[in-house]
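The values are calculated or read from the model by the stated rules, or taken from the named source; none is laboratory data. In this text the structure is predicted, and so the values were computed from the model without any measurement. Here the Cβ positions follow ideal geometry from the backbone for every residue, glycine too, while neighbour counts run over all protein chains shown. Keep in mind that these areas ignore ligands, DNA and RNA; they rest on the heavy atoms of the full protein, side chains included. Shrake-Rupley method; radii C 1.70, N 1.55, O 1.52, S 1.80 Å.
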Amino acid sequence: MIFSKWVSFVLILQLLNPTVVLSSSSSPSSSNGLTEIPKKFLDFAKRKEVVDWMVGIRRKIHENPELGYEEFETSNLIRLELDKLGIPYKYPVSVTGIVGFVGTGEPPFVAIRADMDALPIQETVDWEHKSKNPGKMHACGHDAHVSMVLGAAKILKQHLQELKGTVVLVFQPAEEGGGGAKKMLDAGVLDNVDAIFGLHVLHSAPIGTVASKPGPLLAGSGLFDAVISGKGGHAAIPQHSIDPILAASNVVVSLQHLVSREADPLDSQVVTVAKFQGGGAFNVIPDSVTIGGTFRAFSKASLIQLKKRIEEVIKGQAAVQRCSATVDFSNTKKPMLLFPPTVNDKDLHEHFLKVAGDMLGNDKVKDMKPLMGSEDFAFYQEAFPGYFFFIGMQDENSPKLSSVHTPNFTINEDILPYGAALHASLATTYLLEAESKLRPTGGNLHDEL
């Protein structure tokens, strides 16, 4: 397998360093032991030197935002930190991605994931660590996500005696529409992962709280671009033209009927036309119009149906107005045809409730309604059980934080130890609970990714 040499490297390290070798007596197996781990990890993550280290990493990444599949400096920084921690890794994976691991090098394997890419937004927040790359900004918290997973790696490295298996650290490129998760899977480096956890910062929820739900959490999504072609001419003599603006306008209205008149009202769906580009003069009918947008749903079947009908409506309505149309559901920057819905595994939900409740208190673990936002973490969930949750960062004594994907988005850095400790706790306790069930019997050792 592609990852076998890295697992072998971990096994060699264990033989050379006896402090890393685990015995059944060195790891808590009782329910009391599992309960204590989240609190212990949070206490460790809140140490001043650990917090300062995570904050420093996050600020360096924030100053140098990089778009999808361009995260070379970010990837280099992550690798430097992994080297300092003595954590082996595989690089490059899917251009800039990194896969590292901590633990025994043996099964079970559980992954924690961070996305690395920024957005094409000009930052307007005036502070010491403002983006130094014009037109690019970490406006979705991925700089914090990376810092948290690195923080979790530090926690895990300092508590190797707790691990009964291997934690896989996934640093992926291009979450923002580039399908980086799918490319990480296609690279084959996660083939034997048993489960994966991921998180996202939430500006509107109080710090010290988390929120999620079992089943569908985020919608699946697709993109479309369409060119509607007619015949240009003078606006004063439209009879000599074939007006693509009129055809495109009818298309926009008709697309709204796909949800209001064709979709089950109990099956939430969205079709939004967000791009409409036509002529550039007041008195000239253009030859063509370009429209584009997104469609979303909570089931793959609904996504496929929407995709089919969007193409039919665009071409049909264009033909009614004597125009022709081409419809494209992918382009070079956003190559994925469909992003599946983010669907949380029910067993992992129970695990999350237990771990988060032990760490934060049951009253701080909130059930949330599904959102129409989309996450490529869903690709991992199609390959193996996965769980995605949100972590609050609003300080009740501070001004309200701005939403993600805005130029004035900020991170409350007090969130970093919570995210790091949750990642480490979810992975560690998962391994402790799963190890006995997944331990191989006989001579066949499931010993590689």
- Filter the range 45-60 for residues that are open to solvent by less than 20 Å² (accessible area, probe 1.4 Å) and within 16 Å of Q158 (Cα to Cα) and give the result. A45, V50, M54
- Query: Looking at (1) surrounded by fewer than 20 Cβ atoms within 10 Å (Cβ to Cβ); (2) touching a residue at least 60 places away in the same chain (Cβ under 8 Å), can you tell me which one A153 breaks?
  - Reply: (1)
- Failed item, numbered, when S147 is tested on (1) closer than 23 Å to G56 by Cα; (2) open to solvent by 10 Å² or more (accessible area, probe 1.4 Å): (2)
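Does A139 count as within 22 Å of G220 (Cα to Cα), of a type outside the set (D, E, K, R), modelled with pLDDT of 95 or more and part of a loop (DSSP other than H, G, I, E, B)?
On the way: within 22 Å of G220 (Cα to Cα): yes; of a type outside the set (D, E, K, R): yes; modelled with pLDDT of 95 or more: yes; part of a loop (DSSP other than H, G, I, E, B): yes.
Yes, satisfied.
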- Message: The conditions are (1) in the same structural domain as I87 (by the TED database); (2) more than 25 Å from E311 (Cβ to Cβ); (3) in contact with a helix residue (DSSP H, G or I) (Cβ under 9 Å, 6 or more places away or on another chain); (4) small (G, A, S), and G233 fails exactly one of them. Which is it?
- Response: (1)
- Task: Working carefully through the options L338, L360, L348, L353, find the one that is under 24 Å from A111 (Cα atoms) and free of Cβ contacts under 8 Å to residues at least 24 places away in the same chain.
- Result: L353
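Only one residue in F197, F171, F224 is aromatic (F, W, Y), in contact (Cβ under 8 Å) with a residue 40 or more places away in the chain and either over 30 Å from E63 (Cβ atoms) or open to solvent by 10 Å² or more (accessible area, probe 1.4 Å) (or both), so which one is that?
On the way: F197 fails: either over 30 Å from E63 (Cβ atoms) or open to solvent by 10 Å² or more (accessible area, probe 1.4 Å) (or both); F171 fails: either over 30 Å from E63 (Cβ atoms) or open to solvent by 10 Å² or more (accessible area, probe 1.4 Å) (or both).
It is F224.
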- Query: Assuming P38 fulfils every condition listed in (1) open to solvent by 60 Å² or more (accessible area, probe 1.4 Å); (2) in a helix (DSSP H, G or I); (3) touching a residue at least 60 places away in the same chain (Cβ under 8 Å) apart from one, which condition is it?
  - Reply: (1)
- Considering only residues of the range 84-113 that are open to solvent by 20 Å² or more (accessible area, probe 1.4 Å) and hydroxyl-bearing (S, T, Y), which is nearest to E70 (Cα to Cα)? S94
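Look through L185, L156, L169, L199 and report the one residue that is among the hydrophobic types (A, V, I, L, M, F, W, C), under 25 Å from G33 (Cα atoms), part of a helix (DSSP H, G or I) and at pLDDT 95 or above.
Numbers: L185 fails: under 25 Å from G33 (Cα atoms); L169 fails: part of a helix (DSSP H, G or I); L199 fails: part of a helix (DSSP H, G or I).
Only one candidate qualifies: L156.
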- Item | Residue within the range 230-252 that is touching a residue at least 60 places away in the same chain (Cβ under 8 Å), within 30 Å of L42 (Cα to Cα), open to solvent by less than 30 Å² (accessible area, probe 1.4 Å) and not hydrophobic (A, V, I, L, M, F, W, C) present | no
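Taking the range 363-396, which residues are touching a helix residue (DSSP H, G or I) at 6+ places or on another chain (Cβ under 8 Å) and either open to solvent by 20 Å² or more (accessible area, probe 1.4 Å) or not hydrophobic (A, V, I, L, M, F, W, C) (or both)?
Applying the first criterion (touching a helix residue (DSSP H, G or I) at 6+ places or on another chain (Cβ under 8 Å)) to the range 363-396 yields 364-365, 376-380, 383, 385-389, 391-393, 395.
Hits for the range 363-396 are K364, V365, D376, Y380, A383, P385, G386, Y387, G392, D395.
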- Query: Taking only pairs six or more apart or across chains, which ones have beta-carbon atoms under 6 Å, a first residue in the range 177-194 that is in the same structural domain as T96 (by the TED database) and farther than 24 Å from L223 by Cα, and a second residue that is open to solvent by 10 Å² or more (accessible area, probe 1.4 Å) and among the basic types (K, R)?
  - Reply: V189/K90
- Kindly list the number of the only condition in (1) in a loop (DSSP other than H, G, I, E, B); (2) crowded, with 24+ Cβ neighbours inside 10 Å; (3) aliphatic (A, V, I, L, M) that fails for I121. (2)
